[in-house]
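Participant: Below is one structure. I have some questions about it.
The values are calculated or read from the model by the stated rules, or taken from the named source; none is laboratory data. Model, not experiment: these values are computed from the prediction. Heads up, the Cβs are rebuilt from the backbone with ideal geometry, glycines too, and the neighbour counts pull from every protein chain shown. Surface accessibility is based on the protein's heavy atoms, side chains included, excluding ligands, DNA and RNA. Shrake-Rupley method; radii C 1.70, N 1.55, O 1.52, S 1.80 Å.
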Amino acid sequence: MKKITIAIDGYSSSGKSTMAKDLAREIGYIYIDTGAMYRAVTLYAIQHQLFKGEEVDADQLEQQMSDISISFRLNEESGRPDTYLNGVNVEQRIREMDVAERVSFVAALGFVRRVLVAQQQEMGRHKGVVMDGRDVGTVVFPDAELKIFVTASPEVRAQRRVDELNAKGLKTSYEEVLANVKKRDHIDTTRKEGPLVQAEDAVVLDNSFMTLEEQKNWLLTHYKKAVSLNG
Ligand code: DC
């Protein structure tokens, strides 16, 4: 069957990653989590003391971009790719609050976006990828055969993130997470470079009240339709 490019964009904690990973596994595509790449750069900046409070030293970070190597390797146990920063598995670490609180500032930097977008385009060059993020359907792959824009209310998304963090044994409060979700929405949608916007030709999925099974079926239907239209 002909391989296509699937771009899944949407708000943070909208369940994009879970659905994109499951879809990729189901149809035998490569899954690429672009948010993990922005998180990995943020972790690098934290580890190299490039933050002064919320402010990142952009000049230093720009100079060090070529020292940052991000890759994905399949975790045999979970069947999903883990994120590696300079050869170290950081899949868990990049989900922690200190990274979540700072990542929007890093993701708003033009030079960071240019470097990561180029890497993402290279990773998806041969199609057969499900890539999730904020600007995949608009900037990274504007010609993607299937674009999905995922949304859910901030409250539903905050609760999901709390459950996710709790399941990993990471303590946090709902209020703190809700404030973080809203703040990130604001930064993500209003930044100058690669803001979160719905591509004109994207299909919208509001999954506030959908089960995982319903989402999966919805996605498979759209995938099959896109393949048959582009076959
Ligand atoms: O999807 P996520 O929550 O892991 O994303 C982390 C941050 O990275 C979030 O603040 C938005 C940003 N991001 C981005 O600017 N562009 C992308 N393609 C993916 C994520």
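Participant: Could you figure out which of (1) open to solvent by 10 Å² or more (accessible area, probe 1.4 Å); (2) small (Gly, Ala, Ser); (3) over 30 Å from Leu229 (Cα atoms); (4) in contact (Cβ under 8 Å) with a residue 12 or more places away in the chain isn't true of Ala158?
Facilitator: Every condition holds for Ala158 apart from (1).
Participant: Another question, if that's okay. Looking only at segment 135-155, which residues are within 23 Å of Gly110 (Cβ to Cβ) and open to solvent by less than 40 Å² (accessible area, probe 1.4 Å)?
Facilitator: The first filter runs over segment 135-155 and keeps only residues within 23 Å of Gly110 (Cβ to Cβ), leaving 135-144.
Within segment 135-155, Asp135, Val136, Gly137, Val140, Phe141, Ala144 meet the criteria.
Participant: Give the number of residues within segment 1-26 that are modelled with pLDDT under 90, more than 10 Å from the ligand (Cβ to nearest atom) and assigned to a loop (DSSP other than H, G, I, E, B).
Facilitator: 3
Participant: Output the number of residues of segment 150-185 satisfying the condition of being among the small types (Gly, Ala, Ser), over 23 Å from Thr211 (Cα atoms) and either part of a helix (DSSP H, G or I) or in contact with a strand residue (DSSP E or B) (Cβ under 6 Å, 6 or more places away or on another chain) (or both).
Facilitator: Count: 1.
Participant: Do we have Lys216 as free of Cβ contacts under 8 Å to residues at least 12 places away in the same chain, of a type in the set (Lys, Arg) and open to solvent by 60 Å² or more (accessible area, probe 1.4 Å) here?
Facilitator: The answer is no for Lys216.
Participant: For segment 1-32, give me the residue count where each residue is at positive phi and buried (at least 19 other Cβ atoms within 10 Å of the Cβ).
Facilitator: Residues meeting the conditions: 3.
Participant: Residue by residue through segment 105-127, note down the ones that are more than 10 Å from the ligand (Cβ to nearest atom) and either assigned to a helix (DSSP H, G or I) or surrounded by fewer than 17 Cβ atoms within 10 Å (Cβ to Cβ) (or both).
Facilitator: Gly110, Phe111, Arg114, Val115, Ala118, Gln119, Gln121, Glu122, Met123, Arg125, His126, Lys127
Participant: Of everything in segment 170-199, what is more than 16 Å from Thr151 (Cβ to Cβ) and open to solvent by 90 Å² or more (accessible area, probe 1.4 Å)? Give them in sequence order.
Facilitator: Scanning segment 170-199 gives Lys171, Glu175, Lys192.
Participant: Still on this structure, please answer the following. Return only the number of the condition from (1) within 13 Å of the ligand (Cβ to nearest atom); (2) on the phi > 0 side of the Ramachandran plot; (3) not aliphatic (A, V, I, L, M) that Gly35 does not satisfy.
Facilitator: It fails just one condition, (2).
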